[in-house]
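Please read the structure below before turning to the comments.
The values are calculated or read from the model by the stated rules, or taken from the named source; none is laboratory data. Computed from a predicted model, the values in this text were never measured in an experiment. Cβ sites come from the backbone with ideal geometry, for glycine too, and all protein chains shown count toward neighbours. The area values use the complete protein model at the heavy-atom level, side chains included, leaving out ligands, DNA and RNA. Shrake-Rupley method; radii C 1.70, N 1.55, O 1.52, S 1.80 Å.
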Amino acid sequence: MKANTTRSILLGAVLTIALSFVPYAGFLTYPARLFVTFIHEGGHALAALLTGGLPTALGVSPDGSGVTLTRGGVGAVINAAGYLGATLFGALILAGLRRGIAPKRLLTVMGACVALTLPLAVFGLASAPGAWFALVTGVPIAGALLLAAKKLARPNQELLVGFLGVQCVLNAFYDLKTLFLLSAQTNVHTDAMNMQQATWIPAIVWASLWMVSAVVILIGLVIRPMLRDLKTV
């Protein structure tokens, strides 16, 4: 079982990397890119709730960026929870698949996570940029995931979970690399810049810490367990 799911994860990784080299193939992975954005913004919202704050609005833009408005809570945790939350979410999805959790359940969880962000988009129609786009894209993405959980055959479910889990991990890491480069600019609004304004510690330091944390999550929850599985095949 673990060997089969490991192959599904590896195939998802191969597809993700291969498509990145295919001209004009971005439209194929665009829904997955938006899915990762919903998870990223959902991480901010969840962190606000867990630290005593309140998420008030959410928006997603066509370029794959997003915004979550919050009130109260611990800013340091909220700002970090986007990139690291997406990385951790993807790693836990892949770890769950590897440990034998039914892909049907994982797809249901993924669809539910997107669906849970949609009320924040409704609340943000008057205040959050991209709220309308979040609704227009979030409803079909959540619906497609829930439908896949019911209708797809298990091997196809495993492949889809593996692909989306890899998308979460790799896209979050690529975004952190972009964040690192943007952090050298003082006129770009980012999560790292929010941290700089709150702590006076340079944004590039926060971006670097988040990149290191993402690598640790990736190695600990995904790469090392998969290497052990492959050795037993």
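Figures for the structure shown
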quantity	calculated
Residue in the stretch 64-87 that is over 22 Å from T199 (Cα atoms), in a loop (DSSP other than H, G, I, E, B) and open to solvent by 40 Å² or more (accessible area, probe 1.4 Å) present	yes
Selection count where residues are of a type in the set (D, E) and open to solvent by less than 10 Å² (accessible area, probe 1.4 Å), scope the stretch 155-170	0
Qualifying positions in the stretch 133-151 - open to solvent by 20 Å² or more (accessible area, probe 1.4 Å), hydrophobic (A, V, I, L, M, F, W, C) and in contact (Cβ under 8 Å) with a residue 40 or more places away in the chain	F133, I141, A144
Test: residue in the stretch 28-42 that is in contact (Cβ under 8 Å) with a residue 40 or more places away in the chain, buried (at least 18 other Cβ atoms within 10 Å of the Cβ) and over 18 Å from the mean Cα position of the chain (by Cα)	no
Residues of the stretch 88-104 that turn out to be among the β-branched types (V, I, T) and crowded, with 19+ Cβ neighbours inside 10 Å, as a count	1
Residue among A144, A128, A95, A134 that alone is in a helix (DSSP H, G or I), in contact with a helix residue (DSSP H, G or I) (Cβ under 9 Å, 6 or more places away or on another chain) and at pLDDT below 95	A95
Residue match in the stretch 206-229 (condition: under 18 Å from A76 (Cβ atoms), surrounded by fewer than 16 Cβ atoms within 10 Å (Cβ to Cβ) and either polar (S, T, N, Q) or at pLDDT 85 or above (or both))	no
The stretch 116-125: number of residues that are in a helix (DSSP H, G or I), open to solvent by less than 80 Å² (accessible area, probe 1.4 Å) and aliphatic (A, V, I, L, M)	4
